[in-house]
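Have a look at the structure below, then the notes.
Read-outs: derived from the displayed coordinates by stated rules, not from any lab. Just so it is clear, the structure is predicted and the values come from calculations on it, not from any experiment. Heads up, the Cβs are rebuilt from the backbone with ideal geometry, glycines too, and the neighbour counts pull from every protein chain shown.
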Amino acid sequence: MGFNFGNLSHHLFIKYYSGTYWSYQQCLWIDALRKVADEYKNTPVHYVILSSLMFAMSYNSQSTGHYAQYRDATNLSSKTDILIYRQKEMLPYFINKFKQLHSYLDKNDINHKVTSLDFAKCLDEIEPNSLVYADPPYAFVHYSRFYHALETLVKYDYPDVDHKGRYRTDRHQSPFCKRTEVKPAFTKIFSKIKVKNSNLILSYSNTGMISLYEILDIAKKTLGNNYEVKTKEVAYKHSTMGRKDDKNKDVQEYLIIAKRI
């Protein structure tokens, strides 16, 4: 017989995630602290609580640093490792991070603006003559697969979820991760930069969906003769997010720099 939550508020993580990335007890604390965050809505403390909770969730999760899927206890070794995280307490991690972040409140008088807009909409809203740094996804795997649990924590909207990882069915699908849409997406970046008469620094990798040559070709065709386009390259190591025998892989990281002449 399933538990009837009835009119009980703030039970999302108990209902959806108990026994997956976190234990029932850990999910209980996530829901409880999320309820506290709502009590401070429209105040700076609201974001400190959410950020501290995300930190605590990460350090108590039995997954491998992301939320693509949780691990199964397939043998004694994996069971023992999972139990280490199951036995952690959420609250001490939350309190330590909360104290740290709270100490920075009201100490910054710089006028920052943070948004969660689609990249094209964001570029439509920037001031002319801006310097834009863009770091689009490289691979076919959508980032929302790794961080959907955090999105759900913030929205706290009891979404429809699917698959073992409990993914939101409405999770974002980036055009930079689709072979049929990646080139038009890069064209859109460069064209909007040109409209805004702005400069661009764009980072990418040789493991990306398209080659550096293709990106440079799109940039030069879109920006025209009023821009100088240069590249820089550096050897780097990408984390493979927890693979046993291959924790890092060698890659080449690129910077594509488009500057108005």
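Overview of values
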item: Listed residue (ALA258, SER203, TYR133) projecting farthest to the positive dipole end of segment 132-261, Cβ model; result: ALA258
item: Degrees separating the helix 76-86 axis from the principal Cα axis of the chain, which is the longest one; result: 90
item: Charge-dipole axis of the chain as Lys and Arg at +1 and Asp and Glu at -1 on Cβ define it, positive-most pick from HIS148, PHE190, ASN75; result: PHE190
item: Dipole magnitude (debye, nearest 20) for segment 58-111, charges at Cβ of Lys, Arg, Asp, Glu; result: 140
item: Helix-only mean residue ellipticity at 222 nm for the chain, each DSSP H run of n ≥ 4 adding -39500 (n - 2.57), per residue, nearest 500; result: -13000 deg cm²/dmol
item: Residue-by-residue Karplus 3J(HN,Hα) for segment 15-20, coefficients 6.51, -1.76, 1.60, Hz, glycine and proline x; result: 6, 9, 10, 4, x, 10
item: Sequence-distant residues sharing a close amide H with VAL132 (under 5 Å, placed H); result: ASN199, LEU200, ILE201
item: Nitroxide proxy distance, nm - points 7 Å out along Cα→Cβ at GLU228 and SER51; result: 3.8
item: Residues whose placed amide H lies under 5 Å from that of TYR227, excluding near-sequence neighbours; result: ILE261
item: Cα-projected label distance for ASP38 with GLN25, points at 7 Å along beta-carbon direction, nm; result: 2.5
item: Shape category assigned to segment 69-186 from the gyration tensor of Cα positions, a/c cut at 1.5; result: oblate
item: Three-way shape label, segment 1-90, alpha-carbon gyration tensor, a/c 1.5; result: oblate
item: Magnitude of the charge dipole, segment 1-155, Cβ model with Lys/Arg +1 and Asp/Glu -1, debye to 20; result: 580
item: Cα gyration tensor, segment 174-231 - rounded (a/c under 1.5), prolate or oblate; result: prolate
item: Kirkwood Rh in Å, taken over the chain so that all alpha-carbon pairs contribute; result: 21.3
item: Estimated distance in nm for a label pair at LEU117 and SER211, the labels positioned 7 Å out from Cα along Cα-to-Cβ; result: 3.5
item: Cα-centred dipole magnitude for segment 120-223, charges only on beta-carbon of K, R (+1) and D, E (-1), debye, nearest 20; result: 260
item: Note, ³J(HN,Hα) from phi for segment 118-126, Karplus 6.51, -1.76, 1.60, rounded to Hz, x at Gly and Pro; result: 4, 4, 5, 5, 4, 5, 5, 9, 5
